[in-house]
Amino acid sequence: NLYGATDLYRSRMMRYFIRTDKLKNVLELKNTFFPKEKSLVPEDWVELSGYLLEKLYGDLTRAEEYLRSQIEDLRSMLEISVRLAPENPASRYNYAKYFLENGNFENSKQELKLSIECFEKLQKLSKKDIYRQIDACRLLGERYASTREYLKAQETYTKGITLFQNENQKNGFSGDKNTGMLYADMGNLEYFISGDMDAALKNYEMAVKNK
């Protein structure tokens, strides 16, 4: 009665718990919102579904491991985020990762393409967006490489590496593990496919440098 269809107070509480990584509290609040689409703004659906995706398939502390089995309705929440925020690249990126985790490689490829297109339309990227765009290039390139579309894989890897290098030169942007894996993927392409040993070595060295 006080807050209407969108409970701003509780949605901000949930956002706080996501950003301070309190999974138990997030799950408790999630159950008050799902499946009512209008109970959250689109950006909150994107953030909530992305957070729970990482928790379901990522590492949890021993104290939180029992909560993994309580992460439910993930695909439905991802679909809500894509439906309500189709131009948000994070919604596409999260959905693509869900498909990858479940072996649906063709759908993951399509969502990764859409994600990268949406990232490229943004006039301003947050630090988190840059990491996601770099990783989307890595994941899409790996999909191409897996079906022997090596030229497309190389072009996609190059797009991600160029983005990283530009951001690194502009403001000292540091790479993460996924950036390192991107360089390793490029190194593998040069070592095993094109036979360019010098280029492969440089990319392997960059992979090690980027964790």
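Quick one: length gained pulling Thr158 to Asn171 fully straight, 0.36 nm per residue minus the C-alpha distance?
Value of the extension gain: 2.7 nm.
Work through the residues other than Arg92 whose Cβ is under 11 Å from its Cβ and net out their charges, Lys, Arg +1 and Asp, Glu -1.
Net charge around Arg92: 0.
Under a point-charge model restricted to the Cβ atoms of Lys and Arg (+1) and Asp and Glu (-1), what is the dipole moment magnitude of the chain relative to its Cα centre, in debye to the nearest 20?
For this selection, approximately 520 debye.
What nm value, rounded to one decimal, do you get for the distance between Glu87 and Glu205 when each label is placed 7 Å out toward the C-beta?
4.4
Quick one: work out Rg over Rh on the C-alpha atoms of the chain, Rh as Kirkwood radius.
Expressed as Rg/Rh, it is 1.02.
Ignoring everything but the protein chains, give the 1.4 Å probe accessible area of Lys109 in square angstrom, nearest 10.
20
Could you tell me the calculated FRET efficiency between Leu122 and Glu65, based on Cβ-Cβ distance and R0 = 35 angstrom, to the nearest 0.05?
Step by step, r from the Cβ atoms, then E = 0.45.
Show Thr179, Thr20 ordered by accessible area, largest first, where the area counts protein heavy atoms only and the probe is 1.4 Å.
In descending accessible area the options line up as Thr20, Thr179.
Find which of Leu53, Asn107, Tyr150 sits farthest along the positive direction of the dipole of region 38-167, computed with +1 on the beta-carbon of Lys and Arg, -1 on that of Asp and Glu, about the Cα centre.
Farthest along the dipole direction, towards plus: Tyr150.
Dipole size in debye (nearest 20) for region 28-80 around its Cα centre, Lys and Arg Cβ +1, Asp and Glu Cβ -1?
140
Give me the percent relative contact order of the chain, please, defined on Cα pairs under 8 angstrom at least 6 residues apart.
For the chain, the relative contact order is 12 percent.
Suppose a student asked you for the relative contact order of region 62-130, using Cα pairs under 8 Å spaced at least 6 residues apart; what percent would you report?
25
Starting from the Cα-Cα distance between Asn107 and Ser194, subtract it from 0.36 nm times their residue separation and give me the gain in nm to one decimal.
The Asn107-Ser194 span can extend by a further 28.5 nm.
The values are calculated or read from the model by the stated rules, or taken from the named source; none is laboratory data. Only a predicted model underlies this, so the values are computations on that prediction, with no experimental measurement involved. Cβ atoms come from the backbone with ideal geometry, glycine included; neighbour counts cover every protein chain shown. SASA here: full protein model, heavy atoms, side chains in, ligands and nucleic acids out. Shrake-Rupley method; radii C 1.70, N 1.55, O 1.52, S 1.80 Å.
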